[in-house]
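For reference, the structure discussed in these notes is given below.
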Amino acid sequence: MEITLNVNGTDHRLDCPERTLLVHALRDHLRLTGTHVGCDTSQCGACTVHVDGVAVKSCAMLAVQAEGARILTIEGLAADGTLHPMQQAFHLHHGLQCGFCTPGMIMASADLLKRIPNPTEEDIRHGLEGNLCRCTGYQNIVAAVQAAAEKLRIEKGG
Ligand code: FES
Ligand code: FES
């Protein structure tokens, strides 16, 4: 079937089977391979993207269900060539080791800060429970999210 997906601000028309998952539409049809697949049980969060501003696991959603929505992937998070504060914070605080979980962690973390601008460590750990890091770099991930939260609060004058 033919569907149109708005990804990172651009409409893309694609022809895919009805049961195509959003993650496969992004990776296989649109070649946006920054969104990863780490499991087949909706457990790992490596496939996290934003749909209408909310973090979702793109392996748990059909592509057709995302028609008409604004989809944001890790490739679209930087604005005008400047990394998003969350990307900068992961870089500065070494919030990654192999990097496999990182796109999903960053997308989930960016959504977390929209909901909880001033999170405690517990808020962050709880908010990222659906994202698994096989390298177990959680300490630095938490530090990165805290740093990004502080930067965003300062930018907003809060
Ligand atoms: S690939 Fe989607 S949760 Fe693991
Ligand atoms: S950095 Fe390797 S899985 Fe998280």
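The values are calculated or read from the model by the stated rules, or taken from the named source; none is laboratory data. As the structure is a prediction and not an experimental result, all values here were calculated from the model. Methodologically, a virtual Cβ is constructed for each residue, glycine included, from the backbone with ideal geometry; neighbour enumeration extends over all protein chains shown. Ligands, DNA and RNA are excluded from the accessible area calculation, which covers all protein heavy atoms including side chains. Shrake-Rupley method; radii C 1.70, N 1.55, O 1.52, S 1.80 Å.
For the chain, calculate the relative contact order in percent as a whole number, restricting contacts to Cα pairs under 8 Å that are 6 or more residues apart. Normalised by residue count, the contact order of the chain is 23 percent. Accessible surface area normalised per residue over the chain is 53 Å², counting heavy atoms of protein chains with a 1.4 Å rolling probe. For L21, the residues whose amide H sits under 5 Å from its own are A63, ignoring neighbours fewer than 5 places away on the same chain, with H placed 1.01 Å from N. Ligands, DNA and RNA left out, the accessible area of the range 2-77 computed with a 1.4 Å probe is 46% carbon and sulfur. Summarising the amide proton neighbourhood of A69: residues at separation of 5 or more, or on other chains, whose placed amide H is nearer than 5 Å comprise N6. Applying 0.36 nm per residue to the separation of R134 and D28 and subtracting their alpha-carbon distance, the gain on full extension is 35.7 nm. For the residues I71, I116, a 1.4 Å probe over the protein chains yields an accessible-area ranking, largest first, of I116, I71. Phi angles across the range 62-76 convert, under the Karplus curve 6.51 cos²θ - 1.76 cosθ + 1.60 with θ = phi - 60°, into 3J(HN,Hα) values of 6, 4, 5, 5, 9, 4, x, 9, 9, 9, 10, 10, 4, 5, x Hz, Gly and Pro given as x. The per residue volume of the convex hull around the alpha-carbon atoms of the chain is 106 Å³.
When trypsin sites (Lys or Arg not before Pro) are flagged only if DSSP places them in a loop and at most 14 other Cβ atoms lie within 10 Å, the longest unflagged stretch of the chain comes out as 32-133. Working note: Karplus 6.51/-1.76/1.60 with θ = phi - 60° gives the range 34-50 the couplings x, 7, 9, 10, x, 7, 10, 10, 6, 9, 8, x, 5, 9, 5, 10, 9 Hz, where Gly and Pro are set to x.
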